[in-house]
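Just below is one structure, and these are the notes that go with it.
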Amino acid sequence: MSDFSDLPRELSRVRIPAQKYAVFSHREHISTIRRTVNTIWNKWLPASGHEIADAPEFERYGPEFDPRSGNGGLEIWIPVRLDQRQVKIPVLANQSLAERMVRLFLDQFEAGRLADGPGGS
């Protein structure tokens, strides 16, 4: 979003600078988001070869998300930078976990690249 002129009064604006993010899809009910977040921080991040960058993390709720039912999915954006001390691609043994992380991109590997944040190009 580049224009905040029509932003409803009950919302506030935040500009997020350009940054590389690991993007995770959470497709289950919102009540199970804690499990996905724990998996990101305790399994994916230590195995990924990335470190947390000094930038905001955020959740992105698209038009398919229904706040009344808690269904529709969302994205979890984690700011990362490549850990120069170790470079390895994580292997996820649990296929259902891998399915929940469909939108994960790795920085400059054969598997792809990380997503540019909202302030990026």
inquiry  = Looking at the range 18-33 only, could you name the residues that are under 11 Å from the mean Cα position of the chain (by Cα) and open to solvent by 20 Å² or more (accessible area, probe 1.4 Å)?
reply    = LYS20
message = Here is a check on your reading of the model: is LEU11 surrounded by 15 or more Cβ atoms within 10 Å (Cβ to Cβ), among the aliphatic types (A, V, I, L, M) and farther than 16 Å from GLU75 by Cβ?
response = no
task = Scan the range 72-82 for residues that are more than 12 Å from ILE33 (Cβ to Cβ) and open to solvent by 10 Å² or more (accessible area, probe 1.4 Å) and jot them down.
result = GLY72, TRP77, ARG81, LEU82
ask   = Could you give every pair whose Cβ atoms fall below 8 Å, whose first residue belongs to the range 40-64 and is touching a residue at least 60 places away in the same chain (Cβ under 8 Å), and whose second residue is assigned to a loop (DSSP other than H, G, I, E, B) and open to solvent by 50 Å² or more (accessible area, probe 1.4 Å), counting only separations of at least 6 or pairs across chains?
value = TRP44/LEU92; ALA55/PRO17
query = Across the range 34-55, what is the total count of residues that are open to solvent by 30 Å² or more (accessible area, probe 1.4 Å), under 15 Å from the mean Cα position of the chain (by Cα) and over 13 Å from ARG81 (Cα atoms)?
reply = 7
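The values are calculated or read from the model by the stated rules, or taken from the named source; none is laboratory data. Owing to the predicted nature of the structure, the values given are computational and were not obtained by experimental measurement. Please note: Cβ atoms are built from the backbone with ideal geometry, for glycine as well, and neighbour counts cover all protein chains shown. Heavy atoms of the whole protein, side chains included, go into the accessibility calculation; ligands, DNA and RNA do not. Shrake-Rupley method; radii C 1.70, N 1.55, O 1.52, S 1.80 Å.
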